[in-house]
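The values are calculated or read from the model by the stated rules, or taken from the named source; none is laboratory data. Not measured: the values here are computed from a predicted model. Positions of Cβ are generated from backbone atoms using ideal geometry, with glycine treated the same way; all protein chains shown enter the neighbour counts. The area values use the complete protein model at the heavy-atom level, side chains included, leaving out ligands, DNA and RNA. Shrake-Rupley method; radii C 1.70, N 1.55, O 1.52, S 1.80 Å.
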Amino acid sequence: QVQLVESGGGLVQAGGSLRLSCAASGRTFSIKTMGWFRQAPGKEREFVTTITFNGKNTDYADSVKGRFSISRDNAKNTVDLQMNSLKPEDTAIYFCAASSTYALAYSRMQYDYWGQGTQVTVSS
């Protein structure tokens, strides 16, 4: 099994920044692609960003492109999400996810493990 623990959420004003971190433990050798998803109240969980095992390939949802940046450190088994120019519509619970696939992964069904989530609230 793999355990994922997110940290770094909080309350920030619009235009501000936050950095989320996700730490993996357990059978980390099975982790390849990783990603972040988010879920706002009353909405379905949606894709935010994904990164391949070697960190060379990333992709983002159109709504965050140019503002968010994903990175990973395989030696530390961590993946970070730098969020800049935050907007009220970015308010959500953010979830870290890990997949056994080597390709970029955009669907929840492609991920095998999930963290508990961390709340991000952006005030206007």
Measure off 7 Å from each Cα along the Cα-to-Cβ vector at N57 and S17, then give the distance between these two points in nanometres to one decimal. 2.8 nm
Local electrostatic count at Q119 - Lys and Arg +1, Asp and Glu -1, tallied over other residues with Cβ under 13 Å: -1
Average accessible surface area per residue within the range 1-105, 1.4 Å rolling probe, Å²: 49 Å²
Counting only protein heavy atoms, what percent of the accessible surface of the chain is carbon or sulfur at a 1.4 Å probe? 48 percent
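Once you have the Kirkwood Rh of the chain from its Cα pairs, apply Stokes-Einstein at 20 °C and 1.002 mPa s and quote D in µm²/s. All intermediate terms of the calculation are to be shown ahead of the outcome.
Numbers: Rh = 14.2 Å.
Rounded to a whole number, D works out at 151 µm²/s.
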